[in-house]
Amino acid sequence: MLKHLFNCEHTGRMSGDERREQILRAAVALFSQKGFKGTTTKEIASAVGISEAMVFRHFASKEELYRALLDAKVSGEDKPVFPWETCDDLKRAIEDKDDLAFFYNIALEAMKKHQEDVPFMRLMFYSALEDHSLAEQFFHEFVSRVYDFIGGYIAERQRDGAFREVDPKIAVRAFLGMMIHHSLNNLLWDKRRRLLDIPLETAAKNFAEIMVNGIRA
């Protein structure tokens, strides 16, 4: 995560940006395992192989370091890419008003992202459980855009007469709930897939069908 993996190799002396990035990688791994309160800057320094004083040269406090992780996600090189910005199949589904394809591609891309970034998902859950502002910030800066986009599509299709009258935000929450619960089962609670073992494509197809059939006029 955050541009490189832990096993990246550097030759010679690290630049300030490289060291900062290395600290961030160590921090997100530890925060995702132990939470904000359970992680110390000493542990982060030890994971990187530097002194605690070096950590504070780059980040004035643990709080500042924690917030830097959010900044990297929202505005840095590691920020999430929204499916509607990159997925050509989704763009075509919107143009064609293909409802099943729309929800299928949203679900598939979202669940793929969940699998690719498990540490950050864990970090968000820890943040919410600890009542840390990071979770609320991320929600308003990222998740709210997802609500606006999917809700906007639903509202447009309601005006077309394709979907029945229902609060778009409620419909979005129901749809996201299917995807997120599926990802949490696979990544956190049922890693061996004993309860349900299906490909992401199958899950996305079924979630899309449940969604469309549930709100179709």
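The values are calculated or read from the model by the stated rules, or taken from the named source; none is laboratory data. Keep in mind that this is a model prediction, so the values were computed, not measured. Backbone-built Cβ (ideal geometry, glycine too); neighbour counts: all protein chains shown.
If you scan region 148-177, which residues turn out to be of a type in the set (A, V, I, L, M) and free of Cβ contacts under 8 Å to residues at least 12 places away in the same chain?
Applying the first criterion (of a type in the set (A, V, I, L, M)) to region 148-177 yields 150, 154-155, 162, 166, 170-172, 174, 176.
Result: ILE170, single match.
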(request) Looking only at region 25-72, count how many residues are touching a residue at least 12 places away in the same chain (Cβ under 8 Å) and hydroxyl-bearing (Ser, Thr, Tyr). (result) 5
(request) Scan region 92-118 for residues that are under 22 Å from the mean Cα position of the chain (by Cα), part of a helix (DSSP H, G or I) and among the acidic types (Asp, Glu) and jot them down. (result) GLU109, GLU116
(message) Quick check on this structure: which one of ASP99, ASP88 is surrounded by fewer than 16 Cβ atoms within 10 Å (Cβ to Cβ), modelled with pLDDT of 85 or more and assigned by TED's automatic domain parsing to the domain that holds LEU176?
(response) ASP88
